[in-house]
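For reference, the structure is listed below as structure tokens.
Read-outs throughout are calculated quantities, based only on the coordinates presented, and are distinct from any laboratory measurement. Only a predicted model underlies this, so the values are computations on that prediction, with no experimental measurement involved. Cβ atoms come from the backbone with ideal geometry, glycine included; neighbour counts cover every protein chain shown.
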Amino acid sequence: MIIVLMMLIYLVIGYSTVMIMRNRTLDILRLISGVAFMLMILIYSLSLVNPTAVIVFVLGLSLMLSIEIAAFKESKNDRDNVFLIYAFTAMFAAVLIIMIFTN
């Protein structure tokens with residue numbers, strides 16, 4: 001599925017820009033890939049029935065927001081709580097993959 005691939009691309013770009021390479025250009029690339037991921041999730045969730053569509057959209061939104069919160073925490077040098085945010089991000093990604101493959 002293209003949505004799972006887009007999610008993995010966004011997660012790799014998000015992790016690399018937050019943890020490895022802090023650069024303004026890469027931050028812009030992270031935001032662009034996040035918006036593209038949200039558009040893909042929105043288009044996919046519009047093709048589903050109502051309760052599943054809402055769950056998939058909220059999971060995609062929370063995945064994007066958790067990456068952005070981790071970027072904010074890293075910029076403020078609050079590394080103590082970033083691991084917890086990454087654990088929730090991995091959980092959101094796993095549940096989203098399960099929801100996509102079961103529909």
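Structure summary
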| read-out | value |
| --- | --- |
| Under the Karplus curve 6.51 cos²θ - 1.76 cosθ + 1.60, θ = phi - 60°, whole-Hz ³J(HN,Hα) for region 76-89, x wherever Gly or Pro sits | 9, 6, 10, 6, 5, 9, 5, 4, 5, 5, 5, 5, 5, 5 |
| Karplus (6.51, -1.76, 1.60) ³J(HN,Hα), θ = phi - 60°, over region 47-59, in Hz, Gly and Pro reported as x | 8, 9, 6, 4, x, 5, 5, 5, 5, 5, 5, 5, 5 |
| MRE, 222 nm, helices only [DSSP H, n ≥ 4, -39500 (n - 2.57), over the chain, to nearest 500] | -28500 deg cm²/dmol |
| Exposure proxy order (Cβ contacts within 10 Å, fewest to most) of VAL82, VAL58 | VAL58, VAL82 |
| Unit Cα scatterers, Debye sum, region 1-101: log10 I(q)/I(0) for q = 0.14, 0.15, 0.17, 0.19 Å⁻¹ | -0.50, -0.57, -0.72, -0.87 |
| Per DSSP, loop trypsin sites (Lys or Arg not before Pro) in region 1-31 with at most 14 further Cβ within 10 Å | ARG22 |
| Value of relative contact order over the chain, rounded to a whole percent, pairs C-alpha under 8 Å and six or more apart | 27 percent |
| Cα-based helix-to-principal-axis angle, 24-46 vs the chain, degrees rounded to 10 | 10 degrees |
